[in-house]
Amino acid sequence: MKEVLEIIIKSIVNNKEAVQINEIENGQSSVYQIKVDPAETGKIIGKQGRIAKSIRTLMKAAGAKYGKKFTIEILD
């Protein structure tokens, strides 16, 4: 799932080399910490958090397929 999330994030930002995704697994759940160039954090969040919400919805649907819970954190 990390690869899918990485493809989504890299398609949004301009500085693809600055994208870092850390995965922390806890049994039936995983936390993905996303760090991008500080100038492009707004692109990941979107207006009123719409893009971030969409990414979380996609990961929630994927988690339902695998029986896991995926949590997304966007770091500064």
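Every number here is computed from the coordinates shown, using simple stated rules; none is lab data. Everything numeric in this text was worked out from a predicted model, so none of it was measured. In this analysis, Cβ positions are derived from the backbone assuming ideal geometry, glycine residues included, and neighbour counts consider all displayed protein chains.
Tabulated data for the structure shown
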item: Sorted by Cβ density within 10 Å, fewest first, the residues 12, 44; result: 12, 44
item: The stretch 9-76, Cα convex hull volume normalised per residue, Å³; result: 81 Å³
item: Degrees between helix 50-66 axis and first principal axis of the chain (Cα, 0 to 90, nearest 10); result: 20 degrees
item: Cα long-axis angle, helix 2-12 against the chain (0 to 90 degrees, to the nearest 10); result: 30 degrees
item: Helical mean residue ellipticity (222 nm; -39500 (n - 2.57) per DSSP H run of 4+; nearest 500) of the chain; result: -13000 deg cm²/dmol
item: Of 38, 49, 21, farthest towards positive along the dipole that unit charges on Lys, Arg, Asp, Glu beta carbons give the stretch 2-75; result: 49
item: DSSP beta bridge pairing in the chain, given as percent antiparallel to the nearest 5; result: 50 percent
item: Relative exposure of 56, 50, judged by other C-beta atoms within 10 Å (fewest first); result: 50, 56
item: Distance between the stretch 22-53 and the stretch 56-75 - C-alpha centres, whole angstrom; result: 11 Å
item: Phi to ³J(HN,Hα) by Karplus 6.51 cos²θ - 1.76 cosθ + 1.60 over the stretch 67-73, Hz, x for Gly, Pro; result: x, 10, 10, 10, 10, 10, 10
item: The chain: relative contact order as a whole-number percent, Cα under 8 Å and 6+ apart; result: 32 percent
item: Where a label projected 7 Å from the Cα of residue 4 along Cα→Cβ would reach, residues of the stretch 20-37 with amide N under 15 Å; result: 29-32
item: Nonlocal amide H pairs with residue 74, under 5 Å, H built at 1.01 Å; result: 34
